[in-house]
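The values are calculated or read from the model by the stated rules, or taken from the named source; none is laboratory data. Source: prediction; values computed, not measured. Please note: Cβ atoms are built from the backbone with ideal geometry, for glycine as well, and neighbour counts cover all protein chains shown.
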Amino acid sequence: MQRILILGERRSGLQRLLDLRATRPEWDGTAVSDPKDAERALANEQFDAVITEVESPNDDRLTFLDYLCAERPEPARLVMTNDRRSNEKLQTLKSSLGVLPNDTPIESVANLVERSIDVSALIRNNELKTLVQRIESLPPAPTVFRKLNQALVDDRSDAATVASIIGEDPALAGEVLRVVNSAAFGLRREITSIAEAVSLLGFVMVRNLATSVSVYRAAQRTNRRSALQIERIQQHSLETARIASSMASNRILADECYLAGLLHDVGKLVFITLEPGFLELVESEAERCQRPATTIEREYGFGVTHAEVGAYLLHTWGLPYPVIEAAAYHHHPETVSQTGFDTLAAVHVANRMAHDPDDPCDEYLATVGVYREAEAESLIA
Ligand SMILES: [Fe+2]
Ligand SMILES: [Fe+2]
């Protein structure tokens with residue numbers, strides 16, 4: 001049985017709870033309209049998921065989300081809103097949230113609740129906790145990600161603001177431009193400034209790129225001997241991001257798929273930091289005994305896979321649920337009850353195609369309702 005807490009308008013919150021219980025009769029829950037009542041409920045009972053309805057950037061319930069993320073990190077957190085400004089503000093909260101529009105069909109809400117509860121459970125897994133305790137300090141969320149998110153919600157920000165934030169670290173700015181001008185982007189002309197990159201690729205895309213570039217740079221700095229290996233993972237991630245985002249039907253989803261693609265293998269960087277040489281051992285052992293590399297990682301290493309460690313890291317950085325879920329299950333999406341072609345599906349397919357462009361992924365695509373390779377273009381509704 002799952003316990004759900006809904007904080008919303010009296011009538012709509014209650015109705016949503018009733019609708020959820022109609023699709024999942026085994027679920028139970030409470031609907032409240034005052035954030036103080038929600039805090040009290042969380043202090044007295046355990047909930048698996050909290051759904052918060054947010055109407056405007058000044059909504060009290062946004063402040064409740066700050067409390068929820070800081071004080072009650074266990075339940076899965078979903079936010080329902082149609083307000084664009086609130087949605088942007090949510091991106092700056094230092095915690096992972098699933099955000100969906102108010103009028104999302106109840107079956108899709110229930111599906112997302114189930115999936116985010118699974119991701120939360122995976123992140124609380126004991127082996128992962130033990131491993132994380134062994135790491136003296138987990139890489140912190142890139143500062144540039146936090147600063148760019150703040151700029152994203154400020155109306156006064158423009159391309160020059162982004163350029164100045166990234167330009168605070170000239171080496172980072174140079175590296176972002178190098179990536180933008182690399183074959184991975186296939187641009188016809190050379191981009192010579194961050195401001196130009198923002199006007200061509202968009203604010204969110206440049207934020208995502210700068211974030212991942214700074215993650216890889218930090219890994220390079222602490223693991224100089226593994227520089228080549230890290231460079232290979234970065235190239236593979238750029239290619240995965242490119243393929244995954246090309247499958248999305250709109251800009252918001254394309255940006256999400258891009259970020260998820262860029263960071264899906266970030267757990268490998270943790271393994272490299274913990275034990276240089278471990279990933280090579282995994283690869284050769286997987287080749288020798290013809291078993292999946294993730295199985296070898298679990299058995300021979302730290303009891304967890306790079307996918308799980310990566311998801312944990314992205315969770316501590318406060319990235320959105322779909323990005324964490326894509327990292328967690330990119331090798332085994334079949335363990336998630338998918339209702340269609342989504343960010344996880346895009347990253348799974350893109351990861352396989354980045355490793356082998358001839359892999360048609362037909363069998364998997366059929367399981368998410370896609371039957372021909374040609375349909376894999378613009379799949380995500
Ligand atoms: Fe992977
Ligand atoms: Fe990968």
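Data for the structure
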quantity	calculated
Sole residue being among the basic types (Lys, Arg), within 24 Å of residue 134 (Cβ to Cβ) and at pLDDT 85 or above, chosen from 352, 298	298
Residues being in a loop (DSSP other than H, G, I, E, B) and either of a type in the set (Ser, Thr, Tyr) or outside the structural domain of residue 242 (by TED's automatic domain parsing) (or both) - total across segment 162-186	1
Some residue of segment 78-96 being in contact with a Cys (Cβ under 9 Å, 6 or more places away or on another chain) and within 18 Å of residue 336 (Cβ to Cβ)	yes
Residue check for residue 189: assigned by TED's automatic domain parsing to the domain that holds residue 329 and either closer than 27 Å to residue 277 by Cβ or in contact with a helix residue (DSSP H, G or I) (Cβ under 8 Å, 6 or more places away or on another chain) (or both)	no
Candidates 347, 309, filtered to the one that is within 13 Å of ligand 1 (Cβ to nearest atom), among the β-branched types (Val, Ile, Thr), in a helix (DSSP H, G or I) and at pLDDT 95 or above	347
Among residues of segment 296-337, those that are touching a residue at least 60 places away in the same chain (Cβ under 8 Å) and on the phi < 0 side of the Ramachandran plot, counted	24
Exclusive hit being within 14 Å of residue 204 (Cα to Cα) and in the same structural domain as residue 304 (by TED's automatic domain parsing), set 256, 280	256
Leading residue by the ranking (modelled with the lowest pLDDT) among those in segment 185-198 that are under 23 Å from residue 248 (Cβ atoms) and surrounded by 15 or more Cβ atoms within 10 Å (Cβ to Cβ)	185
Options 73, 139: the member that is surrounded by 17 or more Cβ atoms within 10 Å (Cβ to Cβ), under 21 Å from residue 316 (Cβ atoms) and modelled with pLDDT under 85	139
